[in-house]
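Asks: One structure, pasted below without further comment.
The values are calculated or read from the model by the stated rules, or taken from the named source; none is laboratory data. Because the structure is predicted, anything quoted here is derived from the model rather than measured. Virtual Cβ from ideal backbone geometry, glycine too; neighbours counted across all protein chains shown. In case anyone asks, the SASA skips ligands and DNA or RNA and just uses the protein heavy atoms, side chains included. Shrake-Rupley method; radii C 1.70, N 1.55, O 1.52, S 1.80 Å.
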Amino acid sequence: MATPDFIRTLRTSIGHDLLWLPGVSVVVFDDEGRVLLNRRSDTGTWSLIGGIPEPGEQPAACAVREVEEETGVHCAVERVIVVQSLKPVTYDNGDVCQYMDISFRCRALGGEARVNDDESLEVGWFAVDALPELNDFAHLRIKQALSDDALTWFDPTSSE
């Protein structure tokens, strides 16, 4: 994931200390009901599309922008599916971040799925019953996106 300029600027002041950030993740379906995934260049694993909103950017606008920037696919947001505080992540350079993830279900409108930046090694559409290996984070979001229940999932427990 490319580090936004505003985070680089913050890091000059706070060093590697914990930085609390908003994040978005996106479950995009095409007309055939397939899910759009990318194989990340930093980890080599398949994942949902996601990113960090720029200061002042609305989360839904960020979701649409990230999908287009990373995959070349144009999409429209249908609904929020998950809101969840994630565990802190320590990156290879020592930076520590913790994200408040807002996940969206989106519908593809056009464009051709392709590697569109340096954040992905591969991009592709996958049938829900033929997904590559994914982590629990992605599985929860895909499950919620497929649900006919329009309620947003959230974890009601505290993070003690």
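Asks: Remind me, what semi-axes does the range 73-160 give for its equivalent ellipsoid, largest first in whole Å, using sqrt of 5 times each Cα gyration tensor eigenvalue?
Replies: 24, 21, 13
Asks: What's the local net charge at Ile7, with K and R +1, D and E -1, over the other residues with C-beta under 14 Å away?
Replies: -3
Asks: In whole Hz and in residue order, list the ³J(HN,Hα) couplings for the range 134-140 that follow from phi through the Karplus curve 6.51 cos²θ - 1.76 cosθ + 1.60, θ = phi - 60°; x for Gly and Pro.
Replies: 10, 7, 4, 3, 5, 4, 4
Asks: Then there is this: Starting from the exponent 0.38 and prefactor 2.2 Å, build the expected Rg for the chain from its residue count and divide its actual Cα Rg by it.
Replies: 1.02
Asks: Next up: By the scheme Lys and Arg +1, Asp and Glu -1, what is the net charge of all other residues having a beta-carbon under 10 Å from that of Gln144?
Replies: In short, +3.
Asks: How big is the accessible area of Trp125 in square angstrom, nearest 10, if you roll a 1.4 angstrom probe over the protein chains?
Replies: 60 Å²
Asks: Are there cysteines in the chain with no second cysteine's Cβ under 4.7 Å away, and if so, which?
Replies: Cys62, Cys97, each lacking another Cys Cβ under 4.7 Å.
Asks: Between Ala130 and Met100, how high is the FRET efficiency from 1/(1 + (r/R0)^6) when r is the Cβ-Cβ distance and R₀ = 45 Å? Nearest 0.05.
Replies: After rounding, the FRET efficiency stands at 0.90.
Asks: Which value, in Å² rounded to 10, gives the accessible area of His16 with a 1.4 Å probe and all protein chains present?
Replies: 100 Å²
Asks: In a solvent-free Debye calculation with one equal scatterer on each Cα, what is log10 I(q)/I(0) for the range 61-102 at q = 0.16 Å⁻¹, listed in the order of the q values?
Replies: The Debye formula, applied to the Cα set alone, gives -0.61.
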